[in-house]
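*Asks:* This structure is in structure tokens; I'll ask about it shortly.
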Amino acid sequence: MKILFLICLLFASFRLLHASHGSLEETCKKVTNSASGYEFCVTSLQVVPGSQTANVYNLTVMVTELVKTNLTYAYTKYQELSKQSGWTNDTLKSFHVCLEVYSDASMDMDGLIGQAKSKDYYAFEITMTGVRIDVSTCDEAFEEGGEKTPIPKIDNDLADLAGLALAFANFSIDISKQTPKITKTPSLQLPIHPRPSQRAPPPGQQAGPFFWDNKAMMGNGIISNLSRRKMSKLSRLLMKATSFQRS
């Protein structure tokens with residue numbers, strides 16, 4: 001009976017290993033649910049050294065690092081554009097919004113990379129969702145003035161990379177749930193990472209970084225409707241985090 005139990009354990013572990021490893025193309029196919037998503041996944045990651053043989057956990061870290069790189073690039077571009085002459089007041093306000101929210105998102109990135117490395121996907125999902133909100137807030141700033149961002153591809157790529165990072169995190173959670181749970185032999189037990197709905201944040205820590213300096217934004221003359229939409233989105237995110245803790 002003990003031998004049969006160990007055989008079952010080894011078989012389950014092999015399936016888990018097979019699910020988390022594979023070529024970049026195979027992993028992207030599992031993580032994405034569309035042809036365009038698959039192409040974006042492969043194209044974005046194939047330039048990263050080691051990505052061809054990395055498992056899904058390491059690929060999650062790599063995608064998060066790409067988000068950080070692209071976020072820094074987008075911030076730099078908006079900074080350069082804001083210093084040029086000839087813009088309308090509405091456009092300059094939009095630049096200011098983008099610089100503010102991208103600065104906020106940049107402060108989250110080191111923590112996000114750490115969460116990805118430690119496989120803390122509960123906090124990762126909430127924080128990365130906040131980054132996506134920041135990107136959409138930048139776009140909405142231009143829409144308020146009936147304009148479009150002057151760097152649409154950079155912003156779109158950033159939003160897609162953040163979405164890809166979330167897809168990898170979700171897939172990693174699903175794989176972790178397949179890890180066999182052992183009760184008879186504690187020394188052989190493999191770690192199980194629960195889905196967000198099963199896990200509360202560490203004691204003394206908030207569910208995620210939801211800081212928004214609304215007073216500073218309003219003091220700088222930023223469009224009030226934009227700030228209210230930002231607060232509304234963050235409120236829904238807070239409610240989601242609270243439901244995770246209670247369920």
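*Asks:* Can you tell me how much longer the chain between Asp110 and Thr72 gets when fully stretched, taken as 0.36 nm per residue apart minus their C-alpha distance, in nm with one decimal? Before the final figure, lay out each step's value.
*Replies:* On the way: separation 38, 0.36 × 38 = 13.68 nm, distance 1.23 nm.
Gain on extension, Asp110 to Thr72, equals 12.4 nm.
*Asks:* May I ask you to give the percent of accessible area on the stretch 31-131 that is carbon plus sulfur, with a probe radius of 1.4 Å?
*Replies:* After summing per-atom areas, the C and S share lands at 51 percent.
*Asks:* Considering only protein heavy atoms, what per residue accessible area in square angstrom results for the stretch 29-99 with a 1.4 angstrom probe? Present the calculation step by step, with values, prior to reporting the outcome.
*Replies:* On the way: 3780 Å² over 71 residues.
Dividing the accessible area of the stretch 29-99 by its residue count gives 53 Å².
*Asks:* Same structure, new question: Given the stretch 73-177, what whole percent of its Cα pairs are spread farther than 21 Å?
*Replies:* Details: 2106 of 5460 pairs.
For the stretch 73-177, the share of Cα pairs beyond 21 Å comes to 39 percent.
*Asks:* Taking θ = phi - 60°, what integer Hz values does the Karplus form 6.51 cos²θ - 1.76 cosθ + 1.60 yield along the stretch 87-102, in sequence order, with x for Gly and Pro?
*Replies:* Karplus values, whole Hz, x for Gly and Pro: 7, 6, 4, 4, 5, 5, 5, 5, 4, 5, 4, 4, 5, 5, 6, 6.
*Asks:* Now a separate question. Taking the simple approach of a point 7 Å from Cα along Cα-to-Cβ for both Gln84 and Val48, what is their distance in nm?
*Replies:* Going from the Gln84 label point to the Val48 one covers 3.1 nm.
The values are calculated or read from the model by the stated rules, or taken from the named source; none is laboratory data. Given the structure is predicted, the values throughout are model-derived calculations rather than measurements. Positions of Cβ are generated from backbone atoms using ideal geometry, with glycine treated the same way; all protein chains shown enter the neighbour counts. Accessible surface areas use protein heavy atoms only, side chains included; no ligands, DNA or RNA. Shrake-Rupley method; radii C 1.70, N 1.55, O 1.52, S 1.80 Å.
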